[in-house]
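Only one structure is covered here, and it is reproduced in the block below.
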Amino acid sequence: MTDSKYFTTTKKGEIFELKAELNSDKKEKKKEAVKKVIASMTVGKDVSALFPDVVNCMQTDNLELKKLVYLYLMNYAKSQPDMAIMAVNTFVKDCEDPNPLIRALAVRTMGCIRVDKITEYLCEPLRKCLKDEDPYVRKTAAVCVAKLHDINAQLVEDQGFLDTLKDLISDSNPMVVANAVAALSEIAESHPSSNLLDLNPQSINKLLTALNECTEWGQIFILDCLANYTPKDDREAQSICERVTPRLSHANSAVVLSAVKVLMKFMEMLSKDLDYYGTLLKKLAPPLVTLLSAEPELQYVALRNINLIVQKRPEILKHEMKVFFVKYNDPIYVKLEKLDIMIRLASQANIAQVLAELKEYATEVDVDFVRKAVRAIGRCAIKVEQSAERCVSTLLDLIQTKVNYVVQEAIVVIKDIFRKYPNKYESVIATLCENLDSLDEPEARAAMIWIVGEYAERIDNADELLESFLEGFHDESTQVQLQLLTGIVKLFLKKPTETQELVQQVLSLATQDSDNPDLRDRGYIYWRLLSTDPVAAKEVVLAEKPLISEETDLIEPTLLDELICYIGTLASVYHKPPSAFVEGGRGVVHKSLPPRTASSESAESPETAPAGAPPGEQPDVIPAQGDLLGDLLNLDLGPPVSGPPLTTSSVQMGAVDLLGGGLDSLMGDEPEGIGGTNFVAPPTAAVPASLGAPIGSGLSDLFDLTSGVGTLSGSYVAPKAVWLPAMKAKGLEISGTFTRQVGSISMDLQLTNKALQVMTDFAIQFNRNSFGLAPAAPLQVHAPLSPNQTVEISLPLSTVGSVMKMEPLNNLQVAVKNNIDVFYFSTLYPLHILFVEDGKMDRQMFLATWKDIPNENEAQFQIRDCPLNAEAVSSKLQSSNIFTVAKRNVEGQDMLYQSLKLTNGIWVLAELRIQPGNPSCMDLELSLKCRAPEVSQHVYQAYETILKN
Amino acid sequence: MIGGLFIYNHKGEVLISRVYRDDIGSQAADSAVFSSSGPFLGERLGGSVRNAVDAFRVNVIHARQQVRSPVTNIARTSFFHVKRSNIWLAAVTKQNVNAAMVFEFLYKMCDVMAAYFGKISEENIKNNFVLIYELLDEILDFGYPQNSETGALKTFITQQGIKSQHQTKEEQSQITSQVTGQIGWRREGIKYRRNELFLDVLESVNLLMSPQGQVLSAHVSGRVVMKSYLSGMPECKFGMNDKIVIEKQGKGTADETSKSGKQSIAIDDCTFHQCVRLSKFDSERSISFIPPDGEFELMRYRTTKDIILPFRVIPLVREVGRTKLEVKVVIKSNFKPSLLAQKIEVRIPTPLNTSGVQVICMKGKAKYKASENAIVWKIKRMAGMKESQISAEIELLPTNDKKKWARPPISMNFEVPFAPSGLKVRYLKVFEPKLNYSDHDVIKWVRYIGRSGIYETRC
């Protein structure tokens, strides 16, 4: 017997006929009729008119028929709420049925009928079912609580179902536990503040026990729930990891990925020195590779996640390059993802293999894939310097194929290679110029124009080439127009005599005939520059460009950390936080990785270690519109910006933004000039003459800041403290402090003679210390020091002395000699006296370095009770040579990105999070990244000292 | 969690639609994108859901371009899909669900359906739609996957539907305790007159080789499939020549290490059926379990070291002018001469503008298949340490297409009666303390089959 015949009834009066059949006395006929109704429902016919007749069939002991009727009810109850009440009695009765299957079926179905009137009747049966003797009924009832909560949250709370649900976590049956966990997690998501899932070591232990026994799906629910827990210390984290690791061998990929999520998250808390840390890293690689032999859809999910994992912890998969080689028959989405990961894993060790593969891929059929492969070759060149030469020659080979999109893609990447290795591969320009005519995509055209403009002096017919583009100026995209404008200005500055006419033409095209504000403003600025001071123009337009960073399209670190918490979920597939694609209250709670717990190194000041701060309370950062920093990184590869991107956040960045890449991008470096629009662009700008004031001041601000003169005031000086009490030094008391002014460090000493005899013949010597501090001049006390006399001396210091690591790092041991004896004392110097004046890092550099420094080196601190706003903080820090590289406002919080450099060349990068306007919460959060993590603690102290004084 | 599940035929008509949550579709498609969707479903389905259903059909099934991603986000609604022959299964959600779980569930759904009614086709789905709704109700509750082991499901969801009155109370509680229990995959009280088990070691060997014969990547992905017909609740223990185990045992007896050490294999990674006690494997590396009744996949594994590559393909492609290609391919078998490989097929791709092909082969049959753009060379059987050769002349039509022919790799299919990874089953012990049969009474069969996975040589 087949069911397909039910799909075929299309006669007239069908409903009428069905009605008759439904009311038939014969059971078989009734069942047949209900089947027909369900079939009609499936294909989308409206059979709601039969509601009373179908509900009448509900009272039956035939389970199959019952299920069919229930199915119908679930579909139509909402449209016929009054009639649905008719069914309530049967439901309530069924919930008491001796057969547990029927009890469960009734409570399951009732939860799916989303009619308010029915939910009232649901409470009693549900309460019974939650305590049913049969686990099958209990596990169904657990999910039903979540259903009810979705319809009427208040009711669930009032009826105390949440507590019953919590009790079920201790149930003896693993499946009941798993479903209760799933239901609680979902309910907790819509109550972010409530402490529903009160996870503590005991309940975690229960979950871990249930983990071994429940179904594969239950294991997923439990693992996903575990991932939200924050262990109290690294030992607990380790013991959970140990019990989760066996899941990595599960056949279900989702179990494996959820286990990976838990491990990746808790690993944050483990110290790198631990043996276990290394073992865990090794254990993670094989299961991740195994995911790649799953079905293609799962491979895709796995690859998107691996992409995140590789960015977070490159060491896990660094030897597994080969498994990401593309197979000819892989679906395109798998191919593209594999390619992405290959580039991320490319290193000097495997570059030859990677390049050979990429060259193969560049001859495949799929256009997107081929383009990406070509682009990947360029990225290899930039990433691995040793391979640059081979990459360039491979690209040239590809250009010879004359396949249109290959050529265009190759030109775009070659432009980047020029930026990375200036004056090395310019010999290929001739070949590029041959292909000028075939370029029809804006990005490729813009790249080519950039190359021509940049190397105008080496291309004989540069003016002709650029002129040819100028003919269709108005038809070009903004990207190309901007680039053409900049290119021609560059050409003019290099060959002023022949190209005057050309430059005037392009300036007037840009300023008078265009209604694009970006283009117009850039045109005005050039015009103004050229007419007032051609020499300055030359300096600005032809300024040396910063090198582009090695890694492109990395995910912003805060976002990356959040996504790591979402491994396996849609967020990790989209590479977006859930708030970007989930509506309403669900999923907007930001997650963040747990902070590393207090380890022995930083134990000296325990109150600074942020171990106590649960991650749930740490506000997380998601850039408001895409990731701004990432975008800036991507300037050269990013999509063209159409229209003025004058968003609030970029305006707020103001002058600080211009300090970094802004100037470059404005003055003809980047093809799009995102940075440029941030700054002047007065919409009223009409003629160059009227622009004098705003632009003038704007520019001078700009130069002011770039030259970094604002730091002359010198850094913070602590009040003098007694270093050597008189009692210990036979009457000589020494107090002092350290200062830094205009690049020189000095030790300000105050010597007091508290003895009864005159002191003479002073001398000073330092022991070897961490930063090589040494007196730059002898200690000069001109006259003998008579009793009760005090002298003040400023002793200049240099940092060229011999170096020995001290404990603590900023410890300085000093010996002072006079005619009486030699005295020894030690003092701690504040680290900020070592912050040098050129500690401002270029913005791109900053980003690259930030990513480059492994996350284990990141340290987080809290600066409490610091009622300052971002500007005050920034200027205060700047006077002590901590420079703000960029500033952003994210969800009401100011984020400052800062850099500083120590006298011995160590860079320290900082991210400072400020919540303005909240008097109750005046805490700043500081994350420091440095290649020498031992300085972080002291840098933090310096921050605190500077900000609090 | 999963908000709804739809099954479509190739035309995009809905065969099965089960909605678990109201949130899907509420805004999925208030845009004009769907105005083009035509009157097919029109006003038939209830408002919001129709939008989700339509959105998927228009944007994925009827999309002009081939599928670029198995996850599609349309108007803030996410669609996960898998395709089986020409049937589309789509799970829909508006939340940040566990994506891996959704796909695993869709595969499982296919397995369960296949176990009930065979091939997943439009006809079978229509014929069994009541059953499918019943299954969907059971294995997915409010979008949360529940026990989906076919063995357990079949005890209470039968194709005839169960008559509740025929069940005794004990039977009922047996069902529920199995569905929710620790051993959800096996019911109690199974009896066989003859206790028997079959072990199949099925391996697929994957290779990517450069034209010069350099191995670019090679791995074996293997499965151990077990068919068990055992009474009671048998406790089983499976042993193989896993290097780590052998080395651990070898510590005691030194001479055995040297003997068995050679034969042991290094397993890169393995995953197990949910019946295997993972924590025991993690601590002792022993594989112990209570098997489901009937056929199941005990484990999957992957090896990359010391793989026996059963065949070597040596390609030679020469372009003679613009209108002719000469291809010569030699295959060499590389295993014991006493063994026979079967179902050998070599597929040599030809350019799109091929006009004619002449083929000469020493063994088997070769044919040019224009529709597949390939020369297919088939050999029924071939013993180890042999060699065979094919040569072909390909005539090309002159084209003005600038792009060179991509030269897809030469691929190969075969089946050999051994495990290319070198895996050997050492034992499978069965203990059933309650019933009176011992390990000796169980009849055991072991079989090794090595097949080609993606076995390609670039030319």
Seminar exercise, completed: In deg cm²/dmol, rounded to the nearest 500, the helical mean residue ellipticity at 222 nm of the protein assembly as shown, built from -39500 (n - 2.57) for every DSSP H run of length 4 or more, is -12000 deg cm²/dmol
Exercise. If the convex hull of the alpha-carbon atoms of the stretch A:834-948 is projected onto planes in all directions, what is the mean projected area in square nanometres?
Worked result: 6.5 nm²
Problem set entry | Links that overshoot a 18 Å alpha carbon limit, given the list A:K372/A:K415; A:K78/A:K117; A:K31/B:K108 | A:K31/B:K108
Problem set entry | Evaluated over the stretch A:1-135, the Cα radius of gyration and Dmax, each in Å | 15.3, 50
Exercise. Counting pairs of alpha carbon atoms under 8 Å apart in space and at least six apart in sequence, what relative contact order in percent does the stretch A:441-540 give?
Worked result: 25 percent
For this session: Calculate the length of the line joining the C-alpha centroid of the stretch B:280-295 to that of the stretch A:716-772, in whole Å.
Result: 73 Å
Exercise. Between A:S24 and B:L435, how many nm apart are label points set 7 Å from Cα along the C-beta direction?
Worked result: 4.4 nm
For this session: Quickly work out the B:R193-to-A:A349 label distance, labels modelled 7 Å from Cα along the C-beta direction, and quote it in nm with one decimal.
Result: 6.2 nm
Seminar exercise, completed: From the Cα centre of the stretch B:352-405 to that of the stretch A:138-171, the distance in Å is 66 Å
For this session: Sort out for me the Cα centre separation of the stretch A:488-548 from the stretch A:387-404, rounded to whole Å.
Result: 32 Å
Exercise. Any idea what the relative contact order of the stretch A:230-333 is, in percent, if you count C-alpha pairs under 8 Å spaced at least 6 apart?
Worked result: 22 percent
For this session: Using amide H atoms built 1.01 Å from N in the peptide plane, name the residues 5+ places from B:R84, or on other chains, whose amide H lies under 5 Å from its own.
Result: B:L89
Exercise. Is the stretch A:346-438 rounded, prolate or oblate when judged by the Cα gyration tensor, a ≥ b ≥ c being the square roots of its eigenvalues, rounded requiring a/c under 1.5 and prolate requiring a/b larger than b/c?
Worked result: oblate
Seminar exercise, completed: Between A:N461 and A:A356, Cβ-based FRET efficiency (R0 35 Å, step 0.05) works out to 0.40
Seminar exercise, completed: Expected sort for A:E216, B:E415, A:E792 with the fewest Cβ neighbours (10 Å cutoff) up front is A:E792, B:E415, A:E216
Problem set entry | Amide N proximity, the stretch A:38-66 versus A:D82 label position 7 Å along Cα-to-Cβ, cut-off under 20 Å | A:47-56
Exercise. What is the order of A:L248, A:L570, fewest Cβ neighbours within 10 Å to most?
Worked result: A:L248, A:L570
For this session: Calculate the radius of gyration of the Cα atoms of chain B to one decimal place, then report Dmax, the largest Cα-Cα distance, as a whole number, both in Å.
Result: 27.0, 82
Problem set entry | Fewest-first ranking of A:V489, A:V54, A:V310, using other Cβ atoms within 10 Å as the exposure measure | A:V310, A:V54, A:V489
Problem set entry | Per-residue mean of C-beta atoms belonging to partner chains within 10 Å, peptide B:270-281 | 5
Problem set entry | Given charges at Cβ of Lys, Arg, Asp, Glu: the protein assembly as shown dipole, positive-most of A:S190, A:N62, A:A571 | A:N62
Seminar exercise, completed: Projected onto their principal axes, the Cα atoms of the protein assembly as shown stretch, largest extent first, over whole-Å spans of 119, 86, 80
For this session: For the stretch A:721-829, report the convex hull volume of the alpha-carbon atoms normalised per residue, in Å³, without decimals.
Result: 93 Å³
Exercise. So which DSSP H runs in chain B come out at 18 Å plus along the axis (Cα) with average Kyte-Doolittle of at least -0.5?
Worked result: B:99-117
For this session: Mind giving me the nanometre distance, one decimal, between the label points for A:A718 and B:I360, set 7 Å out from Cα along Cα→Cβ?
Result: 9.3 nm
Exercise. Based on the alpha-carbon gyration tensor of the stretch A:448-585 and its eigenvalue square roots a ≥ b ≥ c, which shape applies: rounded if a/c is under 1.5, prolate if not and a/b is larger than b/c, or oblate?
Worked result: prolate
Exercise. Under the classification rounded if a/c is under 1.5, otherwise prolate if a/b is larger than b/c and oblate if not, where does the stretch B:399-455 fall, given a ≥ b ≥ c as square roots of the Cα gyration tensor eigenvalues?
Worked result: prolate
For this session: Compute the relative contact order of the stretch A:777-913 as a whole-number percentage, counting only Cα pairs closer than 8 Å that sit 6 or more residues apart in sequence.
Result: 20 percent
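Each value in this text was obtained by applying a stated rule to the coordinates, not by laboratory testing. What you see is a predicted model, and the numbers here were worked out from it, not measured in a lab. Glycine gets a Cβ as well: all are built from the backbone with ideal geometry, and neighbour counts include every protein chain shown.
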